[in-house]
Amino acid sequence: MADLIIIRSAFILLLAVCAYLLQPFGVHRAVAVGGGLVLGLIIILFEMRVQKISLKRLIGAAFGSVLGIFGAFLMSLVISRGGPEGSPTVHFLQIVLLLWMMYVGLVVGASKGDLLNLAALGGVFGGEKSAKKSFKILDTSVIIDGRIADVAETGFLDGVLVIPQFVLRELQLVADSADSMKRNRGRRGLDILQRLQKMVNLTVQIVEDDFPAIRDVDMKLIELAKAYDCKIVTNDFNLNKVAQLHGVPVLNINELANSLKPVVLPGETMRVFILKEGKEYNQGVAYLDDGTMVVVDNARKLISKTIDITVTSVLQTTAGKMIFGRYDERMHGAPQADKHERPPRKPEQTAVES
């Protein structure tokens, strides 16, 4: 990074020196130096912007610009034949036509560049498709949730995490909300983004792509995923379903969490803490460390106690996993006598001693 700053500074200084020595347009040397510095800064800003554009869009923009210049050249020949030679109006129209055609070709070529299949060319261009596949777009809900940072720290996420600009705006609106709960959630999301950016083994990229004609943020995420040919990371159930209908692959953090929960089979014994009573008669409810709900029969009277239960069934729902168990009073109800406690005396033995 330091080397790049030195190269950029040297480039701007070189332009300023050339402007000082050559004095273009016959201007004063001080004005020429200022113009050289401004031009150098504009070129550096353009170079920094181009670095964020994909190879497909760069090729599309270059191809579109060449076609635009060629079309403008042909149309300029027609204009020059129809007007007086050397007329300022003709020259002005030719320049405007050139800039117009080149601009249109640049913009249209860049927007349609994602349709290019560079993988078919092989070689250096063959890796562009796989690089796009490794992009993962984060939505607002999964950023606020925060578990994505824990998953990223384990090294299971590869490629580039993409943060759209409209998601950042939504996070900022939540962080600036008058509701204290929403405000805390928004600030948590911004803290999670800073945590992701500080991870050395992870690349976080903020993209400016937007779809002004689409108001819904979820639909913008789907269109962006289509444009970049990548996946969406979310924990939003509705976004998950809509994205699947549009053919966009989704990585759902909730599904990942459910798949990592320990497998419990009917007939196994487990120890749980009865937290509250259940909806049905004589039921108690407990929770595992990962948040899994455990519904226990015959445990209503054992609230705030830790007991051993037998698993009867396991139910997988869209919201997660539920475990049903049973507390057997016959197995656990009768207390065992302490082996150090002296057994009670028989009446006959008491009479003899007396």
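Any read-out appearing in this document is the output of simple, stated calculations on the displayed coordinates, not a laboratory observation. All figures in this text were calculated on a predicted structure; none of them were measured in a lab. Reconstructed Cβ throughout: ideal geometry from the backbone, glycine too, with neighbour counts over all protein chains shown.
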Förster radius 35 Å - calculated FRET efficiency between A62 and L93, Cβ distance, rounded to 0.05: 0.85
Directionally averaged projected area (convex hull, Cα atoms, the stretch 134-259), nm²: 7.7 nm²
Taking other Cβ within 10 Å of each residue's Cβ, how do Y327, Y103, Y281 sort, fewest first? Y281, Y103, Y327
Counting Lys and Arg as +1 and Asp and Glu as -1, what is the net charge of the other residues whose Cβ lies under 12 Å from the Cβ of G325? -2
Computed from the mean reciprocal separation of all distinct C-alpha pairs, what Kirkwood hydrodynamic radius does the stretch 2-115 have, in Å? 16.8 Å
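Based on the Cβ-Cβ distance from F70 to A227, what FRET efficiency comes out when R0 is 45 Å, to the nearest 0.05?
Computed FRET efficiency for F70 and A227: 0.95.
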Would you mind getting me the FRET efficiency between L275 and I42? Use the beta-carbon distance for r and R0 = 45 Å, nearest 0.05. 0.10
At 7 Å along the Cα-to-beta-carbon direction for both K261 and V200, put a label point, then send me their distance in nm to one decimal. 3.7 nm
Going by how many other Cβ atoms sit within 10 Å of their own, how do L239, L256 line up, fewest first? L256, L239
